[in-house]
Amino acid sequence: MFKIVRREEMAEGTVILNEIDAPLIAKKAKPGQFVILKANETGERIPLTMADTDPQKGTITVIYMVVGKSTAIFKDLAVGDGYMDIIGPLGKPTHLEKVGNVVCVGGGTGVAVLHPITRALKEVGNHVTCIIGARSKELLILEDQMKAASHELQVCTDDGSYGRKGFVTEALKDVLEKNDIQLAVAIGPVPMMKFVSKLTKEYNVKTVVSLNPIMVDGTGMCGCCRVSIGGQTQFACVDGPEFDGHQVDYDELMQRLQAYAEQEKQCYADHQCRMNP
Amino acid sequence: MAQQEGKKEKISRQPMPEQAPEVRRRNFDEVPLGLSTEAAMKEAQRCLQCKKPSCIEGCPVSIDIPGFIKLIEEGEFTKATRKIWERNALPAVCGRVCPQESQCEGVCIVGKKGEPVAIGNLERFAADYERKHGKGELPPKAKPTGKKVAVVGSGPSGLTVAGDLVLKGHDVTVFEAFHRPGGVLVYGIPEFRLPKEIVFQEVNFMERLGVRLECNAVVGRTVSLDELFEEGYDAVFLGVGAGLPRFLGIPGENLIGIFSANEYLTRSNLMKAYRYPEYDTPIIKGKNVITLGAGNVAMDAARTALRLGADVSRIVYRRSRQEVPARAAEVHHAEEEGVEFHFLTAPTKFIGDEKGRVVGMEGLKMDLGEPDASGRRRPVPVEGSEFELECDLVIIAVGAGANPLLTQSTEGLQLNKWGYITAEPETGKTSKKGVWAGGDIVTGSATVILAMGAGRIAADSIHTYLTWGW
């Protein structure tokens, strides 16, 4: 069993942080890599990109939004409880290189994934501007950590309850206008990554995105996580999870993410009924 | 009990009782029910106890077949299992999934004039009897040698290596990437053909022998091959399987509802999606299902679809019935259950609806031309034969390639042009010192028993190495 050593509720309890005892994975994991977690015997295998690792302490940190039955079960795990199975680190680490000026754009829980990547890009000597966004102030996560991990931080909320009102793409447009940017990294909801990539393409700025398709094994065996990159089928688990944002077929990815939407809605509703009769 | 010599040939092959097709097509319970004690002892009498038994030569792991059959005939069932264990640590598995008709039973002398001795059914009988009634007695083990062996992959080849080497006194650890051991036996082969309970019992037998199992360990990611040596392992066996699904490369292949057989079967078997929502992993339950390909995996997928509630389950294969690679028994079982076969038919395109879900498949009829590189006659499209089939689920079961996860992260491991590991056929040795490989990652997709045969060869070679050097 992989014990939870720290648990935090963020974004009004819709986003949960788990720091988990997993020494072998903590020792090996690099920014950009993910793990697959399974809560219990009957649980589903859920891939999550790591938000942090502590090799000394032997822990990894994941941050997830509660959206369905599986994440609702995760949410119920307290400090001292654990996950039955965690597999990793999986996927290719982020390619880290000094390129000059970098802009990192994060939305929703994508900010959690962006955090270690931002920090690492700064550590290798890049000047890092960060833009993070959420629907409203309450849903914003890791603001202080992102501030520490970058040189400059801009915050946007869709409803204007905090920071700049509007989408991250609007703030990004300003950054691209005013600076000579060599690399953009965008991690968040698929539509956000799609529009960020569209924008950076206009400015001819290389863009890396981290994709989150549905997965089963995470080792290239099942082909469930296939994504179209420049017209070629690739597996996000072994070829990714990071890809050239300008080559991704986002519409196909969005459709594939909906494969079990109806079943999951029903299952989540049943689960909630059993939990709160 | 034993009958006189002359009477032996009069007994006909004892039939295997099975669940009726119309019942079993809707449940996941095992199809063959197993021989009764009486039937097994009677069947055992049919063996001629040949002086030069060709069945042993036909078995990739050389089980003493006449030896264990004689013990069944005498009612010594526990001894029969121990006799099999001398060469095969997984009899309950092999008795169920080996292609006996082309191996031991295919060369059985009794089969020259009539039906061969039901060797597979007898093997299964002995193993099941031991499982249900045995005292859990273990085979004898050699003294500890102090040598450590890492086995990567807990499928048929890995378990064979582990079982052989632990009996020879070595300290064996098996690394498995999934959360459960068994490899293809648990993620690939469906419950109705190989109950998972049986695999777990066989794995438990390994553990009782002293084999350590490390699940959730992806060698190549969690730990590298070279790190295993740094950690003090003296030898490593790679039995990681083929495990990279092949797709067809035709339009519409990424529509929702189009699965690789690996994904479909893993969801259903390992993750128990057939018990959703009791188990949390969902699966698409098609009403109108097409499976592409005609190997054993395709049969498993098409039959699983029926059990998940399909009204129509079709196998679409671009060659003719003669070229079908699946075991005859599997094809027969599928047909009995109502799977429809469309031969000389190939897909060209998948059609989706506005939500990106598959709703149909376009295809062409085929003719067979000259043999191709595989030795099978090459399918040639028939002009003007375009057709369309409705479907809401497609399973692609056209084979697997070599998974590069481990091989790409390892220096000095020689691969062939398809990415499979190069290993000496007579020893299983790879180009890297102290590393052996066997099973599908060397040969490409094959059978459980061939993987076990490769495991046996490698285990012998590893033992020699640990005793005498490279």
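The values are calculated or read from the model by the stated rules, or taken from the named source; none is laboratory data. Remember, it's a predicted structure, so these values are computed and weren't measured experimentally. Note that we place each Cβ from the backbone using ideal geometry, even for glycine, and neighbour counts take in every protein chain shown. Just the protein is used for accessible areas: all its heavy atoms, side chains included, with ligands, DNA and RNA removed. Shrake-Rupley method; radii C 1.70, N 1.55, O 1.52, S 1.80 Å.
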Show me B:408-421, B:296-309 ranked by packing, highest mean number of other Cβ atoms within 10 Å first. B:296-309, B:408-421
In order through the range B:335-340: 3J(HN,Hα) via Karplus (6.51 cos²θ - 1.76 cosθ + 1.60), integer Hz, x for Gly, Pro: 5, 4, 7, x, 5, 8
I want to verify the translational diffusion coefficient of the range A:162-217 in µm²/s; compute it with Stokes-Einstein, Rh as the Kirkwood radius over Cα pairs, at 37 °C and 0.692 mPa s. 267 µm²/s
For the residue pair A:Lys265 and A:Asp244, what label-to-label distance in nm results when each label sits 7 Å from Cα along the Cα-to-beta-carbon direction? 3.7 nm
Taking A:Lys122 as the anchor, which lysines have their alpha carbon closer than 24 Å to its alpha carbon, excluding any fewer than eight residues away along the same chain? A:Lys27, A:Lys28, A:Lys30, A:Lys57, A:Lys92, A:Lys98, A:Lys147, A:Lys173, A:Lys178, A:Lys201, A:Lys206
Within chain A, which complete DSSP H helices have Cα atoms spanning at least 18 Å along the helix axis and a mean Kyte-Doolittle hydropathy of 0.0 or higher? A:110-123, A:190-202
Just to be sure I follow: if Rg is taken over the C-alpha atoms of the protein assembly as shown and Rh is the Kirkwood radius over the same atoms, what is Rg/Rh? 1.00
Total formal charge among the other residues, if their Cβ is under 15 angstrom from that of B:Pro21, Lys/Arg +1 and Asp/Glu -1: -3
Shape verdict for the range B:276-375, please, from the Cα gyration tensor: rounded (a/c under 1.5), prolate (a/b greater than b/c) or oblate. oblate
If you take the Cα Rg of the range B:242-310 and divide it by 2.2 N^0.38 Å, with N the number of residues, what do you get? 1.09
Give me the distance between the Cα centres of the range B:363-435 and the range A:58-102, rounded to whole Å. 35 Å
Percent RCO, i.e. relative contact order, over chain A, from Cα pairs under 8 Å lying at least 6 residues apart: 16 percent
How big is the shadow of the Cα convex hull of the range B:320-369, averaged over all directions, in nm²? 4.8 nm²
In whole Å, what is the distance between the alpha-carbon centres of the range B:14-81 and the range A:24-57? 46 Å
Relative packing of peptides B:363-369, B:443-449, A:15-21 - highest average C-beta neighbours within 10 Å first: A:15-21, B:443-449, B:363-369
To the nearest 100 Å², how much accessible surface do chains B and A hide from each other in total, with a 1.4 Å probe? 3600 Å²
Among beta bridges assigned by DSSP with both residues in chain A, the antiparallel ones amount in percent, to the nearest 5, to 60 percent
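How compact is the range B:351-470 by the rule of thumb for globular proteins, expressed as Cα Rg over 2.2 N^0.38 Å?
Dividing the Cα radius of gyration by 2.2 N^0.38 Å gives 1.58.
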For the range B:302-365, what % of the accessible area comes from carbon and sulfur atoms, probe 1.4 Å? 50 percent
So the FRET efficiency between B:Glu86 and B:His332, C-beta based with R0 = 35 Å and rounded to 0.05, is 0.60
First obtain the Kirkwood hydrodynamic radius of the range B:206-277 from its Cα pairs, then insert it into the Stokes-Einstein equation at 37 °C and 0.692 mPa s, and state the resulting D in µm² per second as a whole number. 204 µm²/s
Once you sort the root eigenvalues of the Cα gyration tensor of the range B:120-172 as a ≥ b ≥ c, which label holds: rounded (a/c under 1.5), prolate (a/b larger than b/c) or oblate (the other case)? oblate
State to the nearest 20 debye the size of the charge dipole of chain B about its Cα centre, where the only charges are +1 on K and R beta carbons and -1 on D and E beta carbons. 980 debye
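Hey, got the dipole for the protein assembly as shown? About the Cα centre, +1 on K and R Cβ, -1 on D and E Cβ, debye to the nearest 20?
Roughly 1440 debye for the protein assembly as shown.
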How do the peptides A:35-43, A:49-57 rank, highest first, by the average count of neighbouring beta carbon atoms within 10 Å per residue? A:35-43, A:49-57
For the range A:53-186, what does the alpha-carbon gyration tensor say about shape, rounded, prolate or oblate, given a ≥ b ≥ c as the root eigenvalues, a/c under 1.5 as rounded, and a/b over b/c as prolate? oblate
Considering the convex hull of the alpha carbon atoms of the range A:1-45, report its projected area averaged over all viewing directions, in nm², one decimal. 4.2 nm²
What does DSSP give for chain B in terms of the percent of beta bridges that are antiparallel, rounded to the nearest 5? 40 percent
What residues in the range A:17-38 lose 50 Å² or more of accessible surface when the other protein chains are added to their chain alone (1.4 Å probe)? A:Lys28
Count the DSSP beta bridges whose two residues both fall in the protein assembly as shown, then state the antiparallel fraction as a percent rounded to the nearest 5. 50 percent
Heavy-atom accessible area per residue, chain A, 1.4 Å probe: how many Å²? 42 Å²
At 10 °C and a viscosity of 1.306 mPa s, what translational diffusion coefficient does Stokes-Einstein give for the range A:9-79, taking Rh as the Kirkwood radius over Cα pairs? Give it in µm²/s as a whole number. 126 µm²/s
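With r defined as the distance between the Cβ atoms of A:Asn204 and B:Glu411 and R0 fixed at 56 Å, what FRET efficiency is calculated, to the nearest 0.05? Walk me through the numbers before you get to the answer.
Numbers: r = 38 Å, r/R0 = 0.67.
The computed FRET efficiency comes out at 0.90.
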Taking each residue of A:86-94 in turn, how many C-beta atoms of other protein chains fall within 10 Å of its C-beta, and what is the average? 3
The range B:265-362 - percent relative contact order, Cα under 8 Å, separation 6 or more: 21 percent
Taking every eigenvalue of the Cα gyration tensor of chain A, multiplying by 5 and rooting it, what semi-axes result, largest first, whole Å? 29, 20, 20
For the B:His133, B:Cys215 Cβ pair and Förster radius 35 Å, calculated FRET efficiency rounded to 0.05 is 0.70
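Residue by residue through A:219-232, how many Cβ atoms from other chains fall within 10 Å of the Cβ on average?
Values: counts 11, 8, 17, 13, 13, 8, 1, 7, 1, 2, 0, 0, 0, 1.
Mean number of neighbouring Cβ atoms from other chains: 6.
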Using the alpha-carbon centroid of each, what span in Å lies between the range A:150-215 and the range B:112-182? 55 Å
Can you pull the Rg over Rh of the range A:116-203, Cα-only, Kirkwood? 0.94
Please state the equivalent ellipsoid semi-axes for chain B: what are the square roots of 5 times the Cα gyration tensor eigenvalues, largest first, in whole Å? 36, 30, 21
Return the single residue from A:Glu170, A:Glu138, A:Glu202 with maximal mean-square fluctuation; model: Gaussian network over chain A, springs between Cα atoms under 10 Å. A:Glu202
Restricting to DSSP H runs of at least four residues, report the calculated mean residue ellipticity at 222 nm for the protein assembly as shown, -39500 (n - 2.57) per run over all residues, nearest 500 deg cm²/dmol. -9000 deg cm²/dmol
Given labels modelled 7 Å from the Cα in the Cβ direction, how far is it in nm from B:Glu278 to A:Asp54? 4.1 nm
The range B:69-158 - Rg and Dmax from Cα coordinates, angstrom: 15.6, 52
Please report, in whole Å³, the volume per residue of the convex hull around the C-alpha atoms of the range B:341-401. 110 Å³
Be a star and scan the range B:330-354 for residues whose amide nitrogen sits under 16 Å from the point 7 Å along the Cα-to-Cβ vector of B:Arg26. B:337-339
